[in-house]
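Enquirer: Below is one structure. I have some questions about it.
The values are calculated or read from the model by the stated rules, or taken from the named source; none is laboratory data. Just so it is clear, the model here is predicted, and its values are computed rather than measured. Cβ sites come from the backbone with ideal geometry, for glycine too, and all protein chains shown count toward neighbours. These area figures cover heavy atoms from the full protein model, side chains too; ligands, DNA and RNA do not enter into them. Shrake-Rupley method; radii C 1.70, N 1.55, O 1.52, S 1.80 Å.
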Amino acid sequence: MRNLITDVPGIHVGNATDLAIGTGVTVVLCEEPAVAAVDVRGGGPGTRETDLLDPAATVERVDAVCLSGGSAFGLDAASGVMAGLAKRGRGFAVGPARVPIVPGAILFDLLNGGDKGWEEHPPYHRLGRTALEDAEANGLHFPLGSVGAGTGCTTATVKGGLGSASALGADGHVVGAVVAVNAAGSPLFGAGPHFRAGPYERHGEFGGLGLPSALPEEEAAHPHLKGGVARFATTLAVVATDAILSTVQARRLAIMAQNGLALSLYPVHTPLDGDVVFALATGRRPLEAPLPDLARLGGLASIVLARAVARAIHAARRLPFPEGQLSWQDHFGARFASPSAAGAADPGLAE
């Protein structure tokens with residue numbers, strides 16, 4: 001296993017990164033249309049086509065999910081993905097026409113430095129198409145950290161980024177997650193270096209530090225919170241599984257996976273965040289006992305997402321601008337060398 005969401009059969013990921021602007025796009029591409037759902041918890045979300053993912057809606061499957069920086073400008077990235085998929089003949093059939101189904105969500109990264117001086121032509125349509133092409137060409141292996149939708153991400157304490165993780169459940173189902181961590185809260189206990197997701201780490205994937213010897217007493221009363229204006233945050237995630245799920249079951253998977261953000265970020269789901277979790281089911285393996293199996297699948301998804309958050313922070317690097325936030329590596333990397341490279345294969349991740 002690669003310890004990436006692409007361990008789920010039928011899932012590919014591509015990134016487009018523009019370091020001059022300090023932003024990017026991540027596309028989760030389904031080899032075949034996948035059952036999808038979404039759960040939105042933050043107070044300031046920016047989304048596209050999420051109403052379509054209501055279990056009562058007509059269209060049950062999607063071709064891809066698009067995660068983008070750029071705030072509302074970034075919603076155009078999904079249009080670029082749609083255009084690329086339409087050119088390839090992908091999409092929901094309406095007579096002879098094909099309409100690619102590409103839900104998306106955006107995060108705020110407009111105050112992190114870089115050249116944001118576009119006028120008539122924001123870059124996101126182009127970045128969406130580039131990320132789609134990357135998913136098609138290199139979709140099983142992708143880097144973590146300051147890439148794709150994670151490029152311009154920040155948190156209350158250290159630089160945010162793009163993370164991913166996966167696990168094999170005891171029943172044989174694979175669960176994976178990819179996340180762009182741009183949280184108003186912090187992924188660390190106090191000032192660090194320990195990750196809030198530390199108890200769930202596998203094989204030193206984000207430094208092997210475990211838990212601090214004592215928890216900061218002041219944290220509950222005065223939690224770290226990102227400064228700046230409203231909508232300056234948002235964590236976006238996609239969880240995927242090879243299980244055969246209905247749209248109702250996929251929605252439950254997304255709801256349970258949101259717990260992974262609560263296990264790895266504090267505070268979370270704030271009025272300043274637009275936290276969104278999409279769920280994809282590629283339909284390769286049935287559930288043997290639907291209710292308990294789905295409960296276990298959702299529990300595993302929450303742990304996998306928490307690990308993906310920490311991997312994002314561990315792999316992130318500061319952007320080359322005066323406003324660029326210092327990364328975990330800048331603060332602690334010299335003291336705590338990583339035993340495994342970001343995005344590298346990480347065997348033995350069975351739960």
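Enquirer: Once you have the Cα-Cα distance between Ala214 and Leu52, take 0.36 nm times their residue separation minus that, and quote the gain in nm to one decimal.
Expert: 53.7 nm
Enquirer: Something else about it: For the range 1-112, report the translational diffusion coefficient in µm²/s to the nearest whole number, using Stokes-Einstein at 25 °C, 0.890 mPa s, and a Kirkwood Rh over Cα pairs.
Expert: 164
Enquirer: Decide, for the chain, between rounded, prolate and oblate: order the square roots of the alpha carbon gyration tensor eigenvalues as a ≥ b ≥ c, take rounded if a/c falls under 1.5, and otherwise choose prolate if a/b is larger than b/c, else oblate.
Expert: oblate
Enquirer: Can I ask one more? Just want the answer: with Cβ charges of +1 for Lys and Arg and -1 for Asp and Glu, which residue in Pro290, Phe73, Ala93 is farthest toward the dipole's positive end in the chain?
Expert: After comparing all options, I get Ala93.
Enquirer: On to the next question. Residue by residue through the range 323-335, what is 3J(HN,Hα) from phi via Karplus (6.51 cos²θ - 1.76 cosθ + 1.60, θ = phi - 60°)? Round to whole Hz and write x for glycine and proline.
Expert: Running phi through 6.51 cos²θ - 1.76 cosθ + 1.60 with θ = phi - 60° gives 7, x, 6, 5, 8, 4, 5, 4, 6, 10, x, 5, 8 Hz.
Enquirer: Between Ala83 and Ala289, 0.36 nm times their residue separation minus their Cα-Cα distance comes to what?
Expert: 70.2 nm
Enquirer: May I ask you to list, by number, the DSSP H helices of the chain whose Cα span along the axis is at least 24 Å and whose average Kyte-Doolittle hydropathy reaches 0.5 or more?
Expert: Span-like helices, by this rule, are 290-315.
Enquirer: Shifting gears a bit: Under 17 Å Cα to Cα from Lys116, which aspartates and glutamates show up? Leave out anything in the same chain fewer than 8 places away.
Expert: Asp18, Asp76, Glu323
Enquirer: Ignoring ligands, DNA and RNA, please state the percent of accessible area on the range 226-342 from carbon and sulfur, probe 1.4 Å.
Expert: 58
Enquirer: In whole Hz and in residue order, list the ³J(HN,Hα) couplings for the range 52-68 that follow from phi through the Karplus curve 6.51 cos²θ - 1.76 cosθ + 1.60, θ = phi - 60°; x for Gly and Pro.
Expert: 5, 8, 4, x, 7, 6, 6, 8, 9, 10, 10, 8, 6, 10, 10, 10, 9
Enquirer: Between the range 169-217 and the range 298-321, what's the alpha-carbon centroid distance in Å?
Expert: Distance between centres, Cα-based: 7 Å.
Enquirer: Once the range 87-198 is represented by equal point scatterers at the alpha-carbon sites, with solvent omitted, what log10 I(q)/I(0) does the Debye formula produce at q = 0.09, 0.18, 0.19, 0.22 Å⁻¹?
Expert: -0.37, -1.15, -1.20, -1.33
Enquirer: Excluding residues fewer than 8 places away in the same chain, name every one of the lysines whose C-alpha is closer than 19 Å to that of Lys226.
Expert: Straight-distance partners of Lys226: Lys159.
Enquirer: Still on this structure: Nearest 500 deg cm²/dmol is fine: what mean residue ellipticity at 222 nm does the chain get from its DSSP H runs of n ≥ 4 alone, each adding -39,500 (n - 2.57), divided by its residue count?
Expert: Result for the chain, helices only: -6500 deg cm²/dmol.
Enquirer: Run the numbers for Glu32 and Ala97: contour at 0.36 nm per residue of separation, minus the present Cα-Cα distance, in nm.
Expert: Going from the current span to full extension adds 21.6 nm.
Enquirer: Continuing with the same structure: Could you list the residues of the range 1-33 with an amide nitrogen less than 20 Å from a label point located 7 Å from the Cα of Glu119 in the Cα-to-C-beta direction?
Expert: From the range 1-33, the list is 21.
Enquirer: At R0 = 35 Å, how high is the FRET efficiency between Asp330 and His203 if r is their beta carbon distance? Nearest 0.05 is fine.
Expert: 0.90
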